[in-house]
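Here's the structure, in structure tokens; my notes come after.
The values are calculated or read from the model by the stated rules, or taken from the named source; none is laboratory data. What you see is a predicted model, and the numbers here were worked out from it, not measured in a lab. Virtual Cβ from ideal backbone geometry, glycine too; neighbours counted across all protein chains shown. With ligands, DNA and RNA removed, areas are computed over all heavy atoms of the protein, side chains included. Shrake-Rupley method; radii C 1.70, N 1.55, O 1.52, S 1.80 Å.
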Amino acid sequence: MTQVLTVLTTTDDEAKAEALARSAVEARLAACAQVSGPVTSVYRWEGAVETAREWRVRFKTAAARYDALEEHIRRHHDYDTPEVVAVPVVRGDGDYLAWVERETAG
């Protein structure tokens, strides 16, 4: 069975999040992408603690497509250092995981 990942990023605008989600799915780098928010992010940046309103994008992809998805996110994201974090799916419905694999086949 193919290893499936959930890949997370955030952005400061709902339209940007939706565009990033759509472009990754259209490029078959993710089978699905969910946009949620707004969320409040608190983080340290350039020596100061910042608070920002952001939208989270959660991509579902095959592990074999991770490198291409990361490159896509970095190329289309406007943050200097965007969050790109992958979490393995350790269990899941076999039909769903197979669907993710089929939809991300390059």
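Using a 1.4 Å probe on the protein chains only, how many percent of the accessible area of the chain belongs to carbon and sulfur? Within the chain, the accessible surface is 47 percent carbon and sulfur. Computed over protein heavy atoms with a 1.4 angstrom probe, the accessible surface ordering of V84, V7, largest first, is V84, V7. The residues of the chain expose on average 61 square angstrom of accessible surface per residue, using a 1.4 Å probe on protein heavy atoms. Measure nothing fancy, just the Cα-based angle from helix 66-76's long axis to the longest principal axis of the chain, in degrees from 0 to 90, nearest 10. It works out to around 40 degrees. Matching the structure-derived log10 I(q)/I(0) by the Debye sum over Cα atoms at q = 0.12, 0.21 Å⁻¹ against the labelled list (i) -0.46, -1.04; (ii) -0.48, -1.21; (iii) -0.40, -1.05 gives the label (iii).
When only Cα pairs below 8 angstrom with a gap of at least 6 residues are kept, the chain shows a relative contact order of 42 percent.
The GNM of the chain, with springs linking C-alpha atoms under 10 angstrom apart, assigns the highest mean-square fluctuation among V25, V39, V90 to V90.
Each residue, A68 and Y96, gets one label point 7 Å from its Cα in the Cβ direction; the gap between the two is 2.4 nm.
Structure remark: mean-square fluctuation, Gaussian network model of the chain, C-alpha springs under 10 Å; the largest value among G94, G47, G37 belongs to G47.
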